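> This is the structure, below, for whatever I ask next.
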Amino acid sequence: MSIWNYVVTAHKPTNVTHSCVGNFTGPQEVNLIIAKCTRIEIHLLSPQGLQPMLDVPIYGRIATLELFRPHGESQDLLFIATERYKFCVLQWDAETAEVITRAMGDVSDRIGRPTDNGQIGIIDPDCRLIGLHLYDGLFKVIPFDNKGQLKEAFNIRLEELQVLDIKFLYGCPKPTIVVLYQDNKDARHVKTYEVALKDKDFIEGPWSQNNLDNGAELLIPVPPPLCGVLIIGEETIVYCSASAFKAIPIRPVVYHKSLWRVDADGSRYLLGDHNGLLHLLVITHEKEKVTGLKIELLGETSVASSISYLDNAVVFVGSSYGDSQLIKLNLQPDAKGSYLEVLERYVNLGPIVDFCVVDLERQGQGQVVTCSGAYKDGSLRIVRNGIGINEQASVELQGIKGMWSLRSANDPYDTFLVVSFISETRILAMNLEDELEETERRVQTSRRYFVMMLCMINLCRVFNVATANATQVLLATGGGHLVYLEIGDGVLTEVKHAQLEYDISCLDINPIADNPNYSQLAAVGMWTDISVRIYSLPDLTLITKEHLGGEIIPRSVLLCSFEGISYLLCALGDGHLLNFLLNTSNGELADRKKVSLGTQPITLRTFSSKNATHVFAASDRPTVIYSSNKKLLYSNVNLKEVSHMCPFNSAAFPDSLAIAKEGELTIGTIDDIQKLHIRSIPLGEHARRICHQEQTRTFAICSLKYNQSSAEDCEMHFIRLLDDQTFEFISTYPLDQFECGCSILSCSFSDDNNVYYCVGTAYVMPEENEPTKGRILVFAVEDGKLQLIAEKETKGAVYSLNAFNGKLLAAINQKIQLYKWMLREDGSRELQSECGHHGHILALYVQTRGDFIVVGDLMKSISLLIYKHEEGAIEERARDYNANWMSAVEILDDDIYLGAENNFNLFTVRKNSEGATDEERGRLEVVGEYHLGEFVNRFRHGSLVMRLPDSDVGQIPTVIFGTVNGVIGVIASLPHEQYVFLEKLQTNLRKVIKGVGGLSHEQWRSFYNEKKTVDARNFLDGDLIESFLDLSRNRMEEISKAMNIPVEELMKRVEELTRLH
């Protein structure tokens, strides 16, 4: 039964909804704060660029994000308001490097109609009050007292019902708002009001302005000395104040709500429009009198949703429709006339309009190909789990036991690869043709390495284990002897010898302190007592001894440092890895954590990629260990078993790794280090539907291109065929004028061995509310080209197509229609209507299983239909009588159906076949409810990870979803006993992990729409459960005590779940 579901995020939201700049983490520190709908990120501006300081979830969808500084504060505070009417004020705590809550509250009203144009939250420049416009006709005020604390909120009636924007004016003795609104004749005006805090009312303000540009939608208050306000319209920009009125015409564009003041005096502004063009708006003035406005085009960026000017002409452009960017404004234009230079891009998958799950490499691992972005920033993104190794060269070699890379004296690159086998050691070198071959000549490496290598080769027979760095060697022989040597100029000196009580299984002296060539600590793994020990160098004094417990010996130890934090990693013979925090000054170990990486012994090696150090754990499931936001993360490498690895940075293969796996030695480069690997295919147009055809190795997409050159924005729609390896367009079928692609499917029909692409379209006429005409097009791929085989006209938009028992099932406006594939007398084929079913408002989403059809309706939730073969008819079997506006549906199993709706909720319904009466059997019972906080566009069955049959999670069915904010999530249907256990863990975690800003997790996950709010049921929040692994040891123990289960067992069970994504 798929009633008990676990919802987890595989890819966090990347759509930037808000951003602001200020001194949040310190009086002198410049911070960029970014909101990605349900998360906030805090970055520090440093000479090296933007450094991430914190990335935390918010239990709410962020509606307002503003920095402000009350009187008497030395740094800024952060005000956040959510779409569900909660707010909080956050302050940075430098000691713990976390945010703490200064104030919080609920600003919802019992009655009131939520605003159509979204919530507005503004803060008075003199910090006298916070203003919120949440409901039509009401302006909510949260006043500050003179100590900068918030007082009780109150409402003021606002005459203007259709408010487009509200801002506070600068330089007013009393707090003054300016309101841009539309009257009932659709004309737009601006009014000002003073807020009288004592009387809790408005007083008519100093000025107003009637009959503005009909496209006016944005206000920009201008700071002193000029004061006043800029009103941005579609055709004009107006500067307005009590004493002045200036206007300039502009090319008709829609300015997004993205702008930023460049100068403190407010004479220059950056404006972004919906074509991704960035303009500079200049207010010209003499002394304090405004004389005019000028606007200049700077260049093209992603379509901006927010713009933040950081410093030194560096600007952050946050985008909802494309990748966000960090850009530099230059004084001189480049060859193309642009004043912009892109310094960095930040990947954004949003909005994911559609996606499909494919196994392109045929390795049994799913990849997700998304239709991402919109307008000119549309793209396809190939998302796969794990890190790819791009093979550069390989050679067959059996039985490799170890590998090291060497370089000649003063050579910046590695030239030799030392490969050791049971009975011999060979040296491979790069020849002039960039091939690896065995070298006969004596290796003239620098003396230091040469001595070290000789020592390793000559003494290998005597010594069991050895390790070395640039100046030190540590060796262990049988019987527990530990020998420490130092490398001088051409000489090796024995410095110290120690006798330990047991045999030694592994050693490491990787330098992690300030000196990169000399280590003051040695890590030693032991047989018999199964411990790991830290010794000091050069005197080999025992500092710390940690018993590992269990019966499996440590096989590899490594001292390493990530993001300035030192760790000891210790790998066991059964594929487990322990990590400890290491105090380099006294050698103490703390915060022990254990993860299972594979089932075979692991060997650990460091390597560097893009100036950061990472660790490669070679075993039957090779893994890269890296650090992000001061947390250790593990990402699987897309290779089968790896026995050894060493970095090999040669001139021909820079930044490469040498990898020994079953019978061969491979040299390859490594992808960017992240858990999910994302490859972008920019299209320059908006892909809306996608589908893969295994037999022809192609993708087909429905896309639209905006032609911006003409005066009228016109859209052109296409069906495009892409090669599934190169992702190049290989064929295009243009659709008619006003016709757009709504659905696409790859399928075959009964009595026909060919596979076809079927496309459903709609003619979207400007004068029609709903399309009254569409087509179903059937294509075959012949010689890499789309050939139209058949077409069928329909009486509406073809919202969905499904293969159904060798026939084609289409959802056309309010009806479900079944077509069969008929052979005409002349040998051609056609679609012929067989039967249908009316009774929907708009049948938008359809899924089928056997003879059952599940329909997601525009506003009538989910209904279940059945096809009856004998009668050749489709009948309704049951429906959910709730009024849910659907955005996606999927069938989890024969009886349970999953839906997502437009209030960002998920729910499941159950077919009640055992019901006693017809009425009971005709009702789909709601069995699960959950607030996801994301708008889901598509569910698909599939998995992002290799399904290993030996693990428990290999048997758990999963559904992947994609959302507007660029989230890729996984819903896993759990066995009941596992669900009960995790529900208990979630309840205990809620007590220990408190939401940022005091927001409640329980309220956030409760199913919420205009009609009702009910607690989540039969859904678990995997993000909360998996955050157990990031807790400190003592908080883990607190939960372990409450659960009455040992910490190690809890960690093991939660780690298993992380393998789902």
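> Which residues, taken from region 403-436, are modelled with pLDDT of 80 or more, assigned to a strand (DSSP E or B) and farther than 18 Å from Phe607 by Cα?
Hits for region 403-436 are Ser420, Thr425, Arg426, Ile427, Leu428, Ala429.
> Answer yes or no: is there a residue in region 93-106 that is assigned to a loop (DSSP other than H, G, I, E, B), over 29 Å from Ile993 (Cα atoms) and open to solvent by 20 Å² or more (accessible area, probe 1.4 Å).
Within region 93-106, not a single residue is assigned to a loop (DSSP other than H, G, I, E, B), over 29 Å from Ile993 (Cα atoms) and open to solvent by 20 Å² or more (accessible area, probe 1.4 Å).
> Among the residues that make up region 757-767, is at least one of them more than 28 Å from Val253 (Cβ to Cβ), charged (D, E, K, R) and open to solvent by 10 Å² or more (accessible area, probe 1.4 Å)?
The answer is no; no qualifying residue exists.
> Say we look at region 128-147 and pick out the residues that are assigned to a loop (DSSP other than H, G, I, E, B) and open to solvent by less than 10 Å² (accessible area, probe 1.4 Å); which of these is nearest to Ser241 (Cα to Cα)? First the steps, then the outcome.
Going residue by residue through region 128-147, those that are assigned to a loop (DSSP other than H, G, I, E, B) are 128, 134, 136-137, 145-147.
From what's left, open to solvent by less than 10 Å² (accessible area, probe 1.4 Å): 134, 137.
Values: Leu134: 27, Gly137: 25 Å.
Going through the qualifying residues, I end up with Gly137.
> Taking region 722-744 as the search range and keeping residues that are in a strand (DSSP E or B), open to solvent by 30 Å² or more (accessible area, probe 1.4 Å) and among the hydrophobic types (A, V, I, L, M, F, W, C), which one is farthest from Val383 (Cα to Cα)?
We begin by selecting, within region 722-744, every residue in a strand (DSSP E or B); these are 722-723, 729-734, 739-744.
Those still in the list that are open to solvent by 30 Å² or more (accessible area, probe 1.4 Å) too: 723, 729-730, 732-734.
Remaining after also requiring among the hydrophobic types (A, V, I, L, M, F, W, C): 729-730.
Details: Phe729: 20, Ile730: 22 Å.
If we take residues in region 722-744 being in a strand (DSSP E or B), open to solvent by 30 Å² or more (accessible area, probe 1.4 Å) and among the hydrophobic types (A, V, I, L, M, F, W, C), then Ile730 is farthest from Val383 (Cα to Cα).
> Is it the case, given these coordinates, that Leu989 is in contact (Cβ under 8 Å) with a residue 60 or more places away in the chain, touching a Leu at 6+ places or on another chain (Cβ under 9 Å) and either at positive phi or part of a helix (DSSP H, G or I) (or both)? Please lay out each step first, then the result.
Values: in contact (Cβ under 8 Å) with a residue 60 or more places away in the chain: no; touching a Leu at 6+ places or on another chain (Cβ under 9 Å): yes; either at positive phi or part of a helix (DSSP H, G or I) (or both): yes.
So Leu989 fails the test.
Table: residues versus (1) at pLDDT 90 or above; (2) closer than 30 Å to Phe144 by Cα; (3) over 37 Å from the mean Cα position of the chain (by Cα).
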| residue | (1), (2), (3) |
| --- | --- |
| Val178 | yes, yes, yes |
| Phe202 | yes, yes, yes |
| Trp260 | no, yes, no |
| Asn275 | no, no, no |
| His279 | yes, no, no |
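> Sticking with this one: Considering only residues that are open to solvent by less than 20 Å² (accessible area, probe 1.4 Å) and not in a strand (DSSP E or B), look in region 39-69 and name the one that is farthest from Tyr1008 (Cα to Cα).
Once the filter is applied, the top-ranked residue is Ile58.
> Considering (1) touching a residue at least 24 places away in the same chain (Cβ under 8 Å); (2) open to solvent by 40 Å² or more (accessible area, probe 1.4 Å), say which one Ser609 fails and leave the rest.
Unmet condition: (2).
> With Ile1045, Ile1025 as the choices, which residue is open to solvent by less than 40 Å² (accessible area, probe 1.4 Å), at pLDDT below 95 and either more than 25 Å from Leu54 (Cα to Cα) or of a type outside the set (Ser, Thr, Tyr) (or both)?
Details: Ile1025 fails: at pLDDT below 95.
None of the other options fit; the residue is Ile1045.
> Can you tell me which residues in region 815-831 are open to solvent by 40 Å² or more (accessible area, probe 1.4 Å) and either modelled with pLDDT of 95 or more or basic (Lys, Arg) (or both)?
Passing the criteria: Lys815, Lys820, Arg824, Arg829.
> For region 571-591, which positions are in a strand (DSSP E or B) and under 23 Å from Pro511 (Cβ atoms)?
First pass over region 571-591, keeping only residues in a strand (DSSP E or B): 571-572, 576-582, 589-591.
Matches in region 571-591: Ala571, Leu577, Leu578, Asn579, Phe580, Leu581, Leu582, Leu589, Ala590, Asp591.
> Then there is this: Give the residue, chosen from Leu568, Leu581, Leu604, Leu577, that is closer than 19 Å to Thr467 by Cα and either surrounded by fewer than 20 Cβ atoms within 10 Å (Cβ to Cβ) or out of contact with any Ser or Thr (no Cβ under 7 Å at 6 or more places or on another chain) (or both).
Going through Leu568, Leu581, Leu604, Leu577 in turn, the sole match is Leu568.
> Report every pair of residues separated by at least 6 positions or lying on different chains whose Cβ atoms are under 8 Å apart, first residue within region 161-174 and part of a loop (DSSP other than H, G, I, E, B), second hydroxyl-bearing (Ser, Thr, Tyr).
Leu161/Tyr181; Leu169/Thr176; Leu169/Thr192
> State the number of residues belonging to region 376-434 that are out of contact with any Asp or Glu (no Cβ under 6 Å at 6 or more places or on another chain), of a type outside the set (A, V, I, L, M) and closer than 15 Å to Ser643 by Cα.
7
> For region 659-673, check the following and say yes or no: at least one residue is within 23 Å of Leu844 (Cβ to Cβ), among the aliphatic types (A, V, I, L, M) and open to solvent by less than 30 Å² (accessible area, probe 1.4 Å).
Filtering region 659-673 for residues within 23 Å of Leu844 (Cβ to Cβ) gives none.
No, region 659-673 has no match at all.
> Considering only residues of region 299-320 that are over 22 Å from the mean Cα position of the chain (by Cα) and open to solvent by 20 Å² or more (accessible area, probe 1.4 Å), which is farthest from Gly350 (Cα to Cα)?
Asn312
> Are there any pairs with C-beta distances below 6 angstrom linking a residue in region 140-154 that is more than 14 Å from Asp126 (Cα to Cα) to a residue that is open to solvent by 80 Å² or more (accessible area, probe 1.4 Å) and outside any strand (DSSP E or B), with the two at least 6 apart or on different chains, and if so which?
Phe154/Lys200
> Using the structure shown, decide if Glu914 is in contact with a helix residue (DSSP H, G or I) (Cβ under 9 Å, 6 or more places away or on another chain), in a loop (DSSP other than H, G, I, E, B) and without any contact (Cβ under 8 Å) to a residue 60 or more places away in the chain.
Considered against the rule, which asks whether it is in contact with a helix residue (DSSP H, G or I) (Cβ under 9 Å, 6 or more places away or on another chain), in a loop (DSSP other than H, G, I, E, B) and without any contact (Cβ under 8 Å) to a residue 60 or more places away in the chain, Glu914 comes out as yes.
> Now, a different point. Scanning region 30-53 for residues that are without any contact (Cβ under 8 Å) to a residue 40 or more places away in the chain and more than 19 Å from Phe79 (Cβ to Cβ), which turns out farthest from the chain's Cα centre (by Cα)?
Among those residues, the one meeting the criterion is Pro47.
> Hey, can you tell me all the residues within region 781-802 that are under 18 Å from Val755 (Cα atoms), of a type outside the set (Lys, Arg) and open to solvent by 50 Å² or more (accessible area, probe 1.4 Å)?
Matches in region 781-802: Glu782, Asp783, Gln787, Leu788, Ile789, Glu791.
> Pick out the one residue from Ile250, Ile237, Ile295, Ile232 that is modelled with pLDDT of 90 or more and either under 22 Å from Leu32 (Cβ atoms) or open to solvent by 20 Å² or more (accessible area, probe 1.4 Å) (or both).
Exactly one residue qualifies, and that residue is Ile295.
> Here is a follow-up. Is at least one residue of region 537-557 under 35 Å from the mean Cα position of the chain (by Cα) and hydrophobic (A, V, I, L, M, F, W, C)?
Yes, region 537-557 has at least one match.
> If I filter region 107-123 for residues that are open to solvent by 50 Å² or more (accessible area, probe 1.4 Å) and in contact (Cβ under 8 Å) with a residue 40 or more places away in the chain, do I get at least one hit?
The answer is yes; a qualifying residue exists.
> Still on this structure: Looking for something on the phi > 0 side of the Ramachandran plot and at pLDDT 90 or above - is there at least one such residue anywhere in region 517-525?
Within region 517-525, none of the residues are on the phi > 0 side of the Ramachandran plot and at pLDDT 90 or above.
> May I ask you to say which residue of Ile80, Ile156 is under 29 Å from the mean Cα position of the chain (by Cα) and in a strand (DSSP E or B)?
Ile80
> Yes or no: region 883-897 includes at least one residue that is in contact with a helix residue (DSSP H, G or I) (Cβ under 8 Å, 6 or more places away or on another chain) and assigned to a strand (DSSP E or B). Steps first, please.
Quick first cut of region 883-897, residues in contact with a helix residue (DSSP H, G or I) (Cβ under 8 Å, 6 or more places away or on another chain) only: none.
So far as region 883-897 goes, no, none of its residues is in contact with a helix residue (DSSP H, G or I) (Cβ under 8 Å, 6 or more places away or on another chain) and assigned to a strand (DSSP E or B).
> So in region 437-488, with the set limited to residues that are in contact with a Gly (Cβ under 7 Å, 6 or more places away or on another chain) and open to solvent by 80 Å² or more (accessible area, probe 1.4 Å), which one is modelled with the lowest pLDDT?
Only one residue fits best here, namely Arg447.
The values are calculated or read from the model by the stated rules, or taken from the named source; none is laboratory data. What you see is a predicted model, and the numbers here were worked out from it, not measured in a lab. A quick note on method: Cβ atoms are made from the backbone with ideal geometry, for glycine too, and the neighbour counts reach across all protein chains shown. These accessible areas exclude ligands, DNA and RNA; they are computed on the full protein's heavy atoms, side chains included. Shrake-Rupley method; radii C 1.70, N 1.55, O 1.52, S 1.80 Å.
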